[in-house]
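Structure, as structure tokens:
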Amino acid sequence: MPNKIFLAIRSKLYFIPAAFSLVFAILALAFYLLDHAAGLQLAILLPDFLLSSREVGAAIITTTVGSLLTMLTITFSIMMVVLTIYGNQLSPNSLQDFLEKRVTLRILGYFIGALVFSIISVFTVKSEQYSNPVLSPLVCIILLVIAVVLFAYFIHFIAKSIQVTIYIQTLVNETAERIDKAYKAADSDPAIQHGSLDEVQKILDSESIVIEADKSGFVQHYDEKKLFALAKEHHLVINCVNMLGQHVLEGEPLLKIYKGEKLEQMADLDDLKKEMLDLVLIGNETNLYEDIGAGSRKLVEIAVKALSPGINNPSTAKFSIEQIGFLLQKVARGQEAKFYIDSNEHVHLIVQGLTFDRLLFYHFYQIKHYGGADLMILDAIIGALITIAADAGSPVLDQVWSFGEYLFSDIELSQYPALEKSYLRERFFQLSRACGRRVSLTDILKME
């Protein structure tokens, strides 16, 4: 299970700092052996100012330890402040974004690793076993200089990352990149097709055996290739009934397997169930690297939080809504499932998703509920729908239009002044044109 193990390890925040610590510890021991075995040769080959005596070297390294420890303490304090800002002003789920940023983890890992190197070097340089000139203090000075540069960059990175618009734009760019990557991989694989669950309804209505989740948590990863191979090998159809990022409880349905003959008659059924469970990763949080919907869900949370009386930042909500429209435009294909088929066009793996109308509802309902009285929020939602409709196909256009009608039917036009009524009707007319509807402006003007 290399994929599952890799994903499980990568999800641990301490993995990168631990890896840095190990590398620097090995490096410190290597320089100890170098100083011990080749100290005199180094004194001949290198200029005197690059080497230090044991006493001077110990003083230099001790100073380096104090400096690195101070920077590491300040770094931890800054991270706590940033996490508080993220949780209060953005969304509790945004904490994961900051903590799993490569910049954050690598800089933190470097500081810890350099500190480990310096601490080990203190003991090795103080050793009475030899009195040769040592090179380790020079390395510690170089590490300290690099640490100062990284610390300055970290301050710059923090100053930019706590800006809401920059955070949202970064989140959108990363999510869009994951969407493009996922669709590119699917389009290049002849075994993958997209479509509606209605196309496989006969399979879904047939006899099945449910494989239940063995623990509670978020579905982080399906090893789809191996599930597909397993299904072909045993002439089965496997249905992944939960989407990535969805929370499941222990004992809830996770997979369903279908076959023409009685599944209970399979001698290796229990082993097969266990093998399938091993191909699904369930964790305590969503998988940012696999779940392409995680980014858009965070944008919804940010928009709703920005509309709360405590934050009261409608401009951030408006910007989030615009970015939601951009992301939904990229996924506006109208398919609710992904199928893996063999060379004989037989379906063996079904990975379920959401219909596009459900996506629209889940992304905009809460925003409409909490900000529906604000004309600019309604305008932003309609603008997002127009963006989605720009490059969408016929099924998606129908669903966008249906959601637009639902949105407009819930608006109490009587509570708006004449100018605001006119503006909303004009925007709704633009949406009708974007969706290819022949609704006349006269008809819209009559709507109340």
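The values are calculated or read from the model by the stated rules, or taken from the named source; none is laboratory data. Here the structure is a predicted model, which is why all the values come from computation and not from measurement. Because the Cβ atoms are built from the backbone with ideal geometry, glycine has one as well, and the counts that use them run over all protein chains shown. Calculation scope for accessible area: heavy atoms of the full protein, side chains included, ligands and nucleic acids excluded. Shrake-Rupley method; radii C 1.70, N 1.55, O 1.52, S 1.80 Å.
So here's what we get for this one:
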item: Failed criterion for K101 (all others in (1) at pLDDT below 80; (2) touching a Phe, Trp or Tyr at 6+ places or on another chain (Cβ under 8 Å); (3) more than 16 Å from S121 (Cα to Cα) hold); result: (2)
item: Some residue of region 147-164 being of a type outside the set (F, W, Y), without any contact (Cβ under 8 Å) to a residue 24 or more places away in the chain and farther than 26 Å from I302 by Cα; result: yes
item: Condition broken by I168, with the remaining ones in (1) in contact (Cβ under 8 Å) with a residue 24 or more places away in the chain; (2) open to solvent by 20 Å² or more (accessible area, probe 1.4 Å) satisfied; result: (2)
item: Region 211-235 - residue that is assigned to a loop (DSSP other than H, G, I, E, B) and open to solvent by less than 60 Å² (accessible area, probe 1.4 Å) and, of those, farthest from Y258 (Cα to Cα); result: S216
item: Selected residue [within 30 Å of the chain's Cα centre (by Cα) and surrounded by fewer than 20 Cβ atoms within 10 Å (Cβ to Cβ)] from I162, I112; result: I162
item: Index of the failed condition, H369 passing every other in (1) within 26 Å of A176 (Cβ to Cβ); (2) assigned to a helix (DSSP H, G or I); result: (1)
item: Odd one out for I377, checked against (1) surrounded by fewer than 17 Cβ atoms within 10 Å (Cβ to Cβ); (2) under 23 Å from L307 (Cα atoms); result: (1)
item: Subset of region 186-210 [within 24 Å of E275 (Cβ to Cβ) and either in a helix (DSSP H, G or I) or hydroxyl-bearing (S, T, Y) (or both)]; result: V200, I203, L204, S206, S208
item: Selection within region 171-182 - open to solvent by 30 Å² or more (accessible area, probe 1.4 Å) and in contact (Cβ under 8 Å) with a residue 40 or more places away in the chain; result: E174, R178, D180, A182
item: Among residues of region 192-206, those that are in contact with a strand residue (DSSP E or B) (Cβ under 6 Å, 6 or more places away or on another chain) and open to solvent by 40 Å² or more (accessible area, probe 1.4 Å), counted; result: 4
item: Residue within region 61-83 that is part of a helix (DSSP H, G or I) and touching a strand residue (DSSP E or B) at 6+ places or on another chain (Cβ under 8 Å) present; result: no
item: Residue count, region 83-104 (criterion: open to solvent by less than 50 Å² (accessible area, probe 1.4 Å) and either without any contact (Cβ under 8 Å) to a residue 24 or more places away in the chain or closer than 15 Å to F151 by Cβ (or both)); result: 4
item: Test for S296: is it buried (at least 18 other Cβ atoms within 10 Å of the Cβ) and modelled with pLDDT under 85; result: yes
item: Failed criterion for N173 (all others in (1) part of a helix (DSSP H, G or I); (2) modelled with pLDDT under 85; (3) within 30 Å of I302 (Cα to Cα); (4) of a type outside the set (A, V, I, L, M, F, W, C) hold); result: (2)
item: From the options V396, V351, residue that is more than 24 Å from V219 (Cα to Cα) and buried (at least 17 other Cβ atoms within 10 Å of the Cβ); result: V396
item: Unmet criterion (only one of (1) in contact with a helix residue (DSSP H, G or I) (Cβ under 6 Å, 6 or more places away or on another chain); (2) outside any helix (DSSP H, G or I); (3) open to solvent by 40 Å² or more (accessible area, probe 1.4 Å)) for Q329; result: (2)
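The rows are residues; the columns are (1) modelled with pLDDT under 85; (2) under 21 Å from F117 (Cα atoms).
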{"residue": "L135", "(1), (2)": "yes, yes"}
{"residue": "C140", "(1), (2)": "no, yes"}
{"residue": "A147", "(1), (2)": "no, yes"}
{"residue": "L150", "(1), (2)": "no, yes"}
{"residue": "I158", "(1), (2)": "no, no"}
{"residue": "I162", "(1), (2)": "yes, no"}
